[in-house]
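Right, one structure below, let's go through it.
The values are calculated or read from the model by the stated rules, or taken from the named source; none is laboratory data. If you're wondering where the values come from, they're calculated on a predicted model, not measured in any experiment. All Cβ positions, glycine included, derive from the backbone under ideal geometry; neighbour counts span all protein chains shown.
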């Protein structure tokens, strides 16, 4: 084990692990906790999470690359996730994504030069009946229009 986690984080992870029937079952909550603490999950975090959960690092990496909610590199201060799944696409998510591209001059997966915003395209935010949707940090915004999006961006500045 690499011992990359500070003692406070390690203590919280150990308490979390104790709530599960086996350590492997706790991987997703452990990764969420690490990301909340660190802002992203780096290679040393992968290795430590693997050791604590009784997994190989490659198994943790498979989970990190499968789920779009995990970041493997630092994000901007405001992480903007736009759903582009079928339901949101039918309801106009391409227009929302284009509006954000123009507003920031960047493509999904990139961060603004000032580090304020990271734009990410995601497969689903779980609000298929209320698309198009945007997850700004931990706040879900539904039934978006360009005008509503502009108001959200003003609040975040």
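Worth pointing out:
- Test: residue in region 54-64 that is within 27 Å of residue 134 (Cα to Cα) and loosely packed, with under 13 Cβ neighbours inside 10 Å: yes
- Residue in region 85-105 that is touching a strand residue (DSSP E or B) at 6+ places or on another chain (Cβ under 6 Å), part of a loop (DSSP other than H, G, I, E, B) and either within 28 Å of residue 28 (Cβ to Cβ) or at pLDDT below 95 (or both) present: no
- Conditions (1) touching a helix residue (DSSP H, G or I) at 6+ places or on another chain (Cβ under 6 Å); (2) closer than 23 Å to residue 39 by Cβ; (3) not assigned by TED's automatic domain parsing to the domain that holds residue 28; number of the one not met by residue 57: (3)
- Set side by side, the residues 31, 17 differ, and just one is more than 21 Å from the chain's Cα centre (by Cα), surrounded by 17 or more Cβ atoms within 10 Å (Cβ to Cβ) and not assigned by TED's automatic domain parsing to the domain that holds residue 148, which is 17.
- The set of residues in region 125-140 that are at negative phi and surrounded by fewer than 15 Cβ atoms within 10 Å (Cβ to Cβ) comprises 129, 138, 139.
- Matching residues, region 106-118, being assigned to a loop (DSSP other than H, G, I, E, B) and more than 15 Å from residue 152 (Cβ to Cβ): 106, 107, 108, 109, 112, 113, 114, 115
- Test: residue in region 117-126 that is without any contact (Cβ under 8 Å) to a residue 24 or more places away in the chain and closer than 23 Å to residue 70 by Cα: yes
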